[in-house]
Amino acid sequence: MEDEHLMSAVQQRLVLAVVDALNNAADFYTAVCAAITPPPASADVDTVLRILALAPIAYKHGERPAAVLARILTAIEIHSEGGELVPHRPVARIEDRY
């Protein structure tokens, strides 16, 4: 399945910017807003933060943004194909899309 079908390019850029800012920025929201034009709504950034905290995604500080995005895309793909995500374990089938 094409990544653009799972998440729009804008949504994917937002995830990458949020993870990069979490890994590197002292001023998180300023860093995210500087990385994306036009700056995202704070509610959209908060949504990404909630996604990163989900057990199947399990973001850990310092991870490559592309690896985290790949986990999110894989989780969406598994769900869209009727599969079930195990709520207490990270996604096991990860494709490194980048």
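None of the figures in this text is laboratory data; all of them are computed from the coordinates on show. Source: prediction; values computed, not measured. Don't worry about glycine lacking a Cβ; one is built from the backbone with ideal geometry, like all the others, and counts go over all protein chains shown.
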In nm, what is the difference between 0.36 nm times the number of residues separating K60 and E84 and their Cα-Cα distance? 6.4 nm
What distance in nm separates the simple spin-label points at R13 and D27, each placed 7 Å from Cα in the Cβ direction? 2.2
In Hz, Karplus ³J(HN,Hα) per residue of the range 18-27 (6.51, -1.76, 1.60; θ = phi - 60°; x = Gly, Pro): 5, 5, 4, 5, 4, 6, 10, 9, 6, 9
Hey, what did the range 9-81 get for relative contact order, percent, Cα under 8 Å, at least 6 apart? 35
Whole-number D in µm² s⁻¹ for the range 9-81, Kirkwood Cα-pair radius fed into Stokes-Einstein, 10 °C, 1.306 mPa s: 129
